[in-house]
Amino acid sequence: MMFKHNFKKVLSATAFAVALVVAPAANVSAATNDASSTQQSATATSQDQQASQDQAASQSSTANQSSATAASASSSTSTSSATSTSTVKKTTKKAKKTTKKSKKKTSKKKAVKKVAKKTTKKKATKKAKKTSKKATKKTTKAATVAVTASADQSHATDQQDDAAKKAAEVAAKKAAAAKKAAAKKKAAKKKAAKKKAAAKKKAAAKKKAAAKKKAAAKKKAAKKSSEKAAKYWIAMRESSGYYTARNGSCYGRYQLLISYLGGDLSKKNQERTADRYVYGRYGSWVNAKRFWLAHNWY
């Protein structure tokens with residue numbers, strides 16, 4: 001009965017030692033997962049895993065020894081109770097010593113891990129801050145460059161728009177000026193053509209008038225010539241051209257009644273009176289000649 005109670009104690013101590021070993025190993029695994037972002041954390045975790053493996057091997061050895069002791073105790077059940085008790089006490093003492101050593105080692109490792117974790121976290125935070133600061137600076141710079149580029153592009157676009165607007169205005173002004181010049185030229189051409197036509201018409205009218213006048217003058221000259229010739233012809237028939245010829249009551253170059261002359265027998269008065277008589281009676285000397293030819297007097 002006593003042996004069974006001691007064996008249970010040994011098994012409990014062994015289980016406790018194994019639990020102590022497994023718990024730190026689990027903590028180490030969690031710490032390793034948290035610090036896996038950096039290379040130093042990975043190295044520390046690797047060392048901790050090695051140490052845990054060594055400790056697990058040591059505890060496994062201890063457990064094997066305990067198992068062996070228990071087996072020995074089981075096989076020597078027939079041995080005395082005092083020997084069994086002494087063996088159990090030694091095993092327990094050894095297990096306690098191993099557990100104490102394991103706890104001390106685990107505690108030390110925990111402290112080292114805590115410091116390593118803190119350092120790693122601090123470094124990671126610092127690095128993250130630095131990276132963040134660098135990224136922010138880069139982003140700000142890129143944004144500034146983008147804004148500047150956008151402003152420059154907008155300015156360039158505005159300049160292009162202004163230039164295009166000015167060019168369009170200049171082109172419109174040129175087109176308007178060209179249109180105005182063309183209209184002016186057309187109006188001047190039309191005016192010149194009109195003036196030319198008017199001048200031509202006037203010249204034609206003048207020419208026509210001149211021709212008419214000339215024709216009239218020619219006709220008049222011809223008439224005058226005919227009149228002169230007819231007058232001369234009658235004078236030669238009446239008095240042979242003498243202003244002093246007398247035939248009864250008729251006197252002078254054109255043998256007019258003396259009463260027609262009014263007492264003035266001068267050449268001038270004879271010519272004037274003869275013209276007045278002929279134009280009054282026949283309309284012309286030509287008609288008077290024609291009458292004379294028909295009646296032998298006028």
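The values are calculated or read from the model by the stated rules, or taken from the named source; none is laboratory data. In this text, all values refer to a predicted model and were calculated from it rather than measured experimentally. Quick reminder, even Gly has a Cβ in these numbers, built from the backbone with ideal geometry, and neighbours come from all protein chains shown. Heads up: the accessible areas ignore ligands, DNA and RNA and are worked out on the full protein's heavy atoms, side chains in. Shrake-Rupley method; radii C 1.70, N 1.55, O 1.52, S 1.80 Å.
Normalised by residue number, the volume inside the convex hull of the Cα atoms of region 150-202 is 23 Å³ per residue. Using the Cβ-Cβ distance between ALA193 and TYR277 with R0 set to 51 Å, the FRET efficiency works out to roughly 0.30. Subtracting the Cα-Cα distance of ASP161 and LEU265 from 0.36 nm times their residue separation leaves 26.5 nm of extension gain. Of all lysines in the structure, the ones whose alpha carbon falls short of 27 Å from that of LYS207, not counting any fewer than 8 places away in one chain, are LYS189, LYS190, LYS191, LYS194, LYS195, LYS196, LYS218, LYS219, LYS220, LYS223, LYS224. The candidates LYS190, LYS165, arranged from most to least accessible area with a 1.4 Å probe in the full protein assembly, appear as LYS190, LYS165.
Available extension along the chain between VAL115 and LYS134 is 4.1 nm, counting 0.36 nm per residue and deducting the alpha carbon span.
Based on protein heavy atoms only, region 181-298 ends up with 77 Å² per residue of surface accessible to a 1.4 Å probe.
Protein-only accessible surface at a 1.4 angstrom probe places the residues ASP275, ASP162 in the order ASP162, ASP275, largest first.
The alpha carbon radius of gyration of region 209-298, expressed as a multiple of 2.2 N^0.38 Å, is 1.20. In terms of distances greater than 20 angstrom between alpha carbons, the cross-link table entries LYS180/LYS200; LYS93/LYS113; LYS228/LYS289 yield LYS180/LYS200; LYS93/LYS113. Once all protein chains are placed together, TRP297 keeps about 120 Å² accessible to a 1.4 angstrom probe. The largest accessible area among TYR279, TYR243 belongs to the first residue in TYR279, TYR243, and the rest follow in falling order (1.4 Å probe, all chains).
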